[in-house]
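The values are calculated or read from the model by the stated rules, or taken from the named source; none is laboratory data. A quick note: this is a predicted structure, and the numbers were derived from the prediction, not measured. Here the Cβ positions follow ideal geometry from the backbone for every residue, glycine too, while neighbour counts run over all protein chains shown.
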Amino acid sequence: MEGNFLSEYFCNKHNSYDGFIDENGKWNCWACYKEDIYYNPRGEVLMKKQIGKYFLRALSLGGHNLIIEVWKFSSKKHILAYNYSFVYLNQLILEWDKQVKSLENMEE
């Protein structure tokens, strides 16, 4: 019985029992959580907004590397089709406005 209990709290990917239980009662490996880019974005979050079932955020990856990401909020799935890269902040803001309007139209 004890062996079965321990197997529920073991990460095969990282060969570790190091983890935590989230607010839903699910056990998560710390290493997997830290690798998850939804919870731990690759750069500094400049703007974020939830529109219906989508989550939109703008990130600065350092220097002149700015991106916009769109996620499906319910499943925390990254939608790669909307992953854009920009050099200037004004380009990012123009595309941000366009994506917000597009997602709002999809939700109507």
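Data table
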{"item": "Residues within the stretch 66-76 that are loosely packed, with under 13 Cβ neighbours inside 10 Å and either under 18 Å from residue 93 (Cβ atoms) or modelled with pLDDT under 85 (or both), tallied", "result": "3"}
{"item": "From the options 74, 85, residue that is assigned to a loop (DSSP other than H, G, I, E, B), polar (S, T, N, Q) and either at negative phi or in contact with an Asp or Glu (Cβ under 9 Å, 6 or more places away or on another chain) (or both)", "result": "74"}
{"item": "Scope the stretch 66-108; condition β-branched (Val, Ile, Thr) and under 19 Å from the mean Cα position of the chain (by Cα); matching residues", "result": "67, 68, 70, 79, 100"}
{"item": "Criterion violated by residue 57 - all others in (1) modelled with pLDDT under 90; (2) among the charged types (D, E, K, R); (3) part of a strand (DSSP E or B) satisfied", "result": "(1)"}
{"item": "All positions within the stretch 6-51 that are assigned to a strand (DSSP E or B) and either of a type in the set (Gly, Ala, Ser) or under 14 Å from residue 69 (Cα atoms) (or both)", "result": "16, 19, 44, 45, 46, 47, 48, 49, 50, 51"}
{"item": "Residue within the stretch 46-65 that is touching a Phe, Trp or Tyr at 6+ places or on another chain (Cβ under 8 Å), among the charged types (D, E, K, R), in contact (Cβ under 8 Å) with a residue 40 or more places away in the chain and exposed (fewer than 15 other Cβ atoms within 10 Å of the Cβ) present", "result": "yes"}
{"item": "Test result for residue 92, touching a residue at least 12 places away in the same chain (Cβ under 8 Å) and either in a strand (DSSP E or B) or touching an Asp or Glu at 6+ places or on another chain (Cβ under 8 Å) (or both)", "result": "no"}
{"item": "Residue in the stretch 20-27 that is surrounded by 12 or more Cβ atoms within 10 Å (Cβ to Cβ), among the polar types (S, T, N, Q) and more than 11 Å from the chain's Cα centre (by Cα) present", "result": "no"}
{"item": "The stretch 96-108, subset in contact (Cβ under 8 Å) with a residue 24 or more places away in the chain and either among the small types (Gly, Ala, Ser) or buried (at least 17 other Cβ atoms within 10 Å of the Cβ) (or both), residue nearest to residue 41 (Cα to Cα)", "result": "96"}
{"item": "Pairs where the first residue, in the stretch 12-32, is aliphatic (A, V, I, L, M) and the second is assigned to a loop (DSSP other than H, G, I, E, B), C-beta under 6 Å, 6+ apart", "result": "31/14"}
